[in-house]
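Asks: I'd like to ask you about the structure that follows.
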Amino acid sequence: MKTKIQRLKAKYRYSLILLKQLVKTDFKLRYQNSVLGYAWSLLKPLSLFLILYIVFVKVLRTGGDIPNFGVYLLIGIVLWNYFLEVTNGSIEAIVGQGELLRKVNFPRYVIIMAGSFSAFINLLFNSVIVGLFIWYAKIPLQLSAALVPLVVIELFIFALALGFLLSALYVRYRDVKYIWEVIAQAAFFATPIMYSFSLIVEKSELAAKVLISNPVAQIMQDARYLLVSEKTQTVASVFGTTWAYTLPLTIVAATLLCAGLYFKKRSAYFAEEV
């Protein structure tokens, strides 16, 4: 057993060292030459939260049926921003490293993982803000809140899988960037970020089942269920059974498998095509 672990360490040692350096570089360059620097990693989601909170809570009076809707809204914004940061950042990641790819032979997947881990650092910072809001709102946390890391891991895997797929596709098809922008915009409104998912359930049970099967929506609702209120609609409550979780989890697994295989197949030609 010890020998196998040593072999794995030796096999991926170079990749881990490179990944560590790329994450550091990416995070340092992210807000280079900006006055506020890393503070933007916190100010961006807070600014969006403030705008949406004023518009949807104070003006349109939505979310009145949800306890602590402000925290509910902030969790959605933070998780969505992370998902978008990983996927958007991955699209041009391989093409952006074209010169390096032609000069140095190294595992191509490290480039995408570096961007994902850099975005994950931002997510951790934003999680501190969410924690402060939960504390300020005096929301009592249950033991089930300990399951939140599992939900975040699911989001990490799904976003990373899409990152692999989008980056590999973009090398050959530059239209991917614009197509994804449209898909992401549509997904923003289809995902219960700004509104209560119970509104969809009341309007159409079928539409609710389709939307909650989306892994991002499932993850978002689960995080809110674990941190804000057990009245939050989840996959289990919409379908009436916990077995329904196999739908979004299957989508995540299938996306990871297909993306991994396609990325591995195309990675041998990246240096020639970028």
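The numbers here are math on the coordinates, done by the rules we state, and not lab data. Computed from a predicted structure; not experimentally measured. Counting neighbours? That spans all protein chains shown, and the Cβs are built from the backbone with ideal geometry, glycine included.
Asks: Note down the relative contact order for segment 189-274 as a percent, whole number, built from C-alpha pairs under 8 angstrom at least six residues apart.
Replies: Working: 53 pairs, mean separation 19.0, N = 86.
Rounded, it is 22 percent for segment 189-274.
Asks: Distance in nm between label sites at residue 229 and residue 209, each 7 Å beyond Cα in the beta-carbon direction?
Replies: That separation, rounded to one decimal, is 2.5 nm.
Asks: Continuing with this model, one more query. I want the local charge near residue 84. Using Cβ-Cβ distances under 13 Å, sum +1 for each Lys or Arg and -1 for each Asp or Glu among the other residues.
Replies: Numbers: positive: 44; negative: 85, 181.
Neighbour charge sum, excluding residue 84 itself: -1.
Asks: Okay, which of segment 257-273 sit inside 18 Å, backbone N to the point 7 Å along the Cα-Cβ direction of residue 102?
Replies: In segment 257-273, the label zone of residue 102 (backbone N under 18 Å from the point 7 Å along Cα→Cβ) covers 267-273.
Asks: Sorted by packing (mean other beta-carbon atoms within 10 Å per residue), highest first, where do 124-135, 157-168 land?
Replies: The densest-packed peptide leads the list: 157-168, 124-135.
Asks: Report the extension gain between residue 173 and residue 136 in nm, rounded to one decimal, defined as 0.36 nm multiplied by the number of residues separating them, less their alpha carbon distance.
Replies: Stretched fully, the residue 173-residue 136 segment lengthens by 8.6 nm.
Asks: Taking all pairs of distinct Cα atoms, average 1/r, flip it, and tell me the Kirkwood hydrodynamic radius of segment 120-274 in Å to one decimal place.
Replies: Working: mean 1/r = 0.0576 Å⁻¹.
Hydrodynamic radius (Kirkwood, Cα only) of segment 120-274 equals 17.4 Å.
Asks: If each of residue 129 and residue 261 carries a label point 7 Å out from its Cα toward its Cβ, how far apart are those two points in nm?
Replies: 4.0
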